[in-house]
Each structure stands twice: as C-alpha cells, then as structure tokens.
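Here the structure comes first, spelled out in structure tokens, and everything after it is commentary.
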C-alpha cells in the first residue's frame, strides 16, 4: 500500500491511503474527483493515479498546466515511495508508510529539494533514450520534441548570423523565443560592463500593451541567476522556497518563471527572463533546456560583437587621430573631414542606409582627402588663383588617396568611394567622368557634404560663404554636379546640423 502526503497551498497537510477502493484516484478542480483541488491553475480533470499488477501509475489527463513527477513534466509514469508529485501549488509526497506530521518533510519542500539537487541540465542534442526503456508513445513524443529543438536552434543560428547591431539582434532573438515558448512576458537584459547592473534591452508582453507597462521583474530571481550562473525554473514562485522571502516575487505575484544567464567564457553577459503573473506550471523542463541552449548561442554572438565593436572603436579613434595630425599641416582645413562625416551620417539616417554601409560611409568621409598628403604644401596653402597645371595636380588627390587605402586590405571596400567623391552627377567630374547611378551612392553623399563644408569654411584664397549662399549654390548644382535627391535630403537635415556640432561622428553610428 502507498500513502500520499498532500499539501495544498497553506492548508494543513493530510494523508491519503491508496486502498483498492480508491482506484482510479482522479485529481482535479471538479468536486466529483476523489481528490478535488480548488485552484484555477488545476484542470477540471487534471490527472489520475491507477493500479495495475501491484504497480502504481500517475497519468496526466491532457491538463492545461501539466503534471510533474520529481520536477519533470510527465504524461504517464510509474510512481514509487519517495517520489514527489507537483500539480499547480499542490505538493504530494509518495510514502511506503505514513509518518507523523512532525517527522515528515513537507511535500513542497521535498519537491523543491529535488529540483535543487538536480539542477536543469544544459540541452544535449546528442543525448538519446534507450528504446527498450520507453514505450512507443513516449518515444514518438521525445522524437517530436527533439525535432522541434533542432528546428528552433537552427532558426536561432539564422537570427544570430550576420547582424552587427546588437539591439536588432536581440529584438529578433526575443521574437523567436516568444514564438516557441509559451511565456506571457519576456525580457532580455545585458549587464553594464562597468557596474554589472542588468540593463533591459528588449521586452515583450502579452498581458498588457508594452507601452503601458513598466519593466518590473523579480530582482531576486535575476540576482540568483547571475550569482550562481545557473538557469532557474520555478513553477510557482509564490510558494517556491528559494524565493519565499523575496518581496519582489510577492509584490509582483510572479507565478511561473524562467531565468537563464547568457554566458560566454564563464562570464555572465546578460539574462533572458520569462514569466507569467497569471498561470502556474506554464514552463516545462524541456523549455528550460531549450532556452539554455539558445542563451549559449546568444552569448557567443554577443561576445564576438562586443569584441568587434571594441576593435572597431579603437580603429576609428586611430583614424581620427591620423586625420587630425594631417589637418595640423593646414589650419584652414582643420576639422573638415570630421564635419563632412557628420553631415554624411545625418544624410544616411534620412536615406535609411544600413548599419554596415554607415560604417563604410564614415570611414570614406573621414579619409576622402587623405590623398592630399601627396600634394605639395605650397599648392594646398596657395592664397592666389591656381594655374590649370596646378589644378590638375590638386585633382590627383582622389586617385592618390585610393592608392594609399588600397594597400590596407581591411579597408579595400572604401577604395572606390574615395576615388569617386569628386565625380559629377552629369559626368563632368574627375577622375573617371562617370555619371548618375554609376557613381557609388556613398561617393555622391560625400560630394554634397564636402561641397557644403568647403563653401562654409575659410580657405586661403577666400572667406567662407554665408549659409544662405551655400544653400543657393547647392540648389543651382542639383541635377548637374550633385545628385538632386540627395541634395533635397541634405537641405532637410541642415536645421539639425547646429544641434549635433559637438558630437563626434563615431557616436552617431549604431552601437550596442
């Protein structure tokens, strides 16, 4: 004979003996069940315990929130003394003989201790079950779950591939998570690299409109996941002993919750947090394993993106230092490349240029005049009018700059952008005389920004023009020397230029 020690919420525990006349022992919310449970998270006919040839079995009756045996969601499984059953907030300890209430551990404590002693394993797609150990229905169920897991991880690879913008990457990643795991709310946090505090990057909520909700999650659960570097699954956080003293769990009325750390090289980079304040037992062990595997993939991608961003920032700072050193030769052109790059990035925002192309635009704009290092100072700083031969020498600087950049393998993509920044829309420019869409769009953007800054800056041979005069000249050259569509866009953003003069152009690029 088996005995069930039952604890429902805060009610006093009771013991039920499994005699022959008890079977089948139905469990559910309806009072017609032999073990009725008054809880909205319990289905009307939730589960049943049966007896066959001296063995006892627990079977889920297609319930909404599932039936759990020793922390694992089951469809049907054999039960033995020492097992712990969880149905919503009900803990049921299976005993071979009744013990006094004083010497018995609470079924809830027993169930929780089992979960803690056997922390969720990281998903292992190579792990298989022996066919002789499970029946055909369970084998088919396991195979289906494995196929779904493989499909989701394949999608995760696709989401994480070739996305440099971490914010966009995490947005797409959260969409995939919410598609395959039945969470009501979801958040992705990244830890601030200076303070270590979690910063919310993405949130999703099916319970309320996102714009109407604050980002309120259990700090206790987040802190536990970070400090222990462990994935957390709580089927009912309100009665989970790990969080029983947490004011945030109580005040937020968190029911089901999962929190998985995003780890790379044994360092916590962030957290994926899913929960529901409505429904208990929403997540399964398989959900936790799948989310943990997805977090591993995200961790590698985020770490690589951050390393790349750090190197890119160092590179940009080096480029800016080089440009400042070159501009120190000629006080009249000091700051020219920086201003041109600012104008170009403003234009790119309006045109909807991709993040990758913005970086190319920034580099090409900063280095568009690098070829002038090969032009004699006497010509660059000449106060009088230049002769035709001298102008021909000045016009060699795009080709000289392209030749210099071509020797740097990593910067090879911006070579044509520098080479063609003095081409004219009508084909009368230099060095190749190409026209219209034959000119790279980035070169056409630089041409307009370069022209405007040249007109509104002091030069050795003339004083700067007024803004109104420069605008008039841009309009006159629109459609001939300059791309008319980009001129129109630039005129739209001119009002924004004064508000961003103090910003470094590299700050205007999309960053994580």
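Of all residues in the stretch 263-290, those satisfying the criterion of being under 17 Å from residue 225 (Cβ atoms) and without any contact (Cβ under 8 Å) to a residue 60 or more places away in the chain are 263, 264, 266, 267. A single member of 428, 355, 456 is within 21 Å of residue 493 (Cβ to Cβ) and out of contact with any helix residue (DSSP H, G or I) (no Cβ under 6 Å at 6 or more places or on another chain), and it is 355. If you check 282, 367, 345, 363 for being under 33 Å from the mean Cα position of the chain (by Cα), under 30 Å from residue 86 (Cβ atoms) and surrounded by 14 or more Cβ atoms within 10 Å (Cβ to Cβ), only one passes: 282.
Is one or more of the residues making up the stretch 193-206 modelled with pLDDT of 85 or more and more than 19 Å from the chain's Cα centre (by Cα)? There is at least one residue in the stretch 193-206 that is modelled with pLDDT of 85 or more and more than 19 Å from the chain's Cα centre (by Cα). Among all residues of the stretch 398-410, there is none that is surrounded by 24 or more Cβ atoms within 10 Å (Cβ to Cβ) and touching a residue at least 40 places away in the same chain (Cβ under 8 Å).
Looking only at residues of the stretch 86-101 that are modelled with pLDDT of 80 or more and in contact with a helix residue (DSSP H, G or I) (Cβ under 8 Å, 6 or more places away or on another chain), we find that the one that is farthest from residue 1 (Cα to Cα) is 86.
Is it true that some residue in the stretch 434-447 is part of a loop (DSSP other than H, G, I, E, B), in contact with a helix residue (DSSP H, G or I) (Cβ under 6 Å, 6 or more places away or on another chain) and at pLDDT 95 or above? Checking the stretch 434-447: at least one residue is part of a loop (DSSP other than H, G, I, E, B), in contact with a helix residue (DSSP H, G or I) (Cβ under 6 Å, 6 or more places away or on another chain) and at pLDDT 95 or above. Going by what's in this entry, would residue 332 be described as in contact with a helix residue (DSSP H, G or I) (Cβ under 6 Å, 6 or more places away or on another chain), in a helix (DSSP H, G or I) and either surrounded by 21 or more Cβ atoms within 10 Å (Cβ to Cβ) or modelled with pLDDT under 85 (or both)? No. Annotation: of all residues in the stretch 165-189 being more than 8 Å from the chain's Cα centre (by Cα) and in a strand (DSSP E or B), the one that is surrounded by the most Cβ atoms within 10 Å (Cβ to Cβ) is 189. Only one of the numbered conditions (1) crowded, with 19+ Cβ neighbours inside 10 Å; (2) modelled with pLDDT of 90 or more; (3) under 16 Å from residue 419 (Cα atoms) is violated by residue 337, and that is (2). Total residues in the stretch 449-473 satisfying the condition of being more than 21 Å from residue 392 (Cα to Cα) and crowded, with 20+ Cβ neighbours inside 10 Å: the figure is 3.
The values are calculated or read from the model by the stated rules, or taken from the named source; none is laboratory data. Just so it is clear, the structure is predicted and the values come from calculations on it, not from any experiment. No Cβ is skipped: glycine too gets one built from the backbone with ideal geometry, and neighbour counts run over all protein chains shown.
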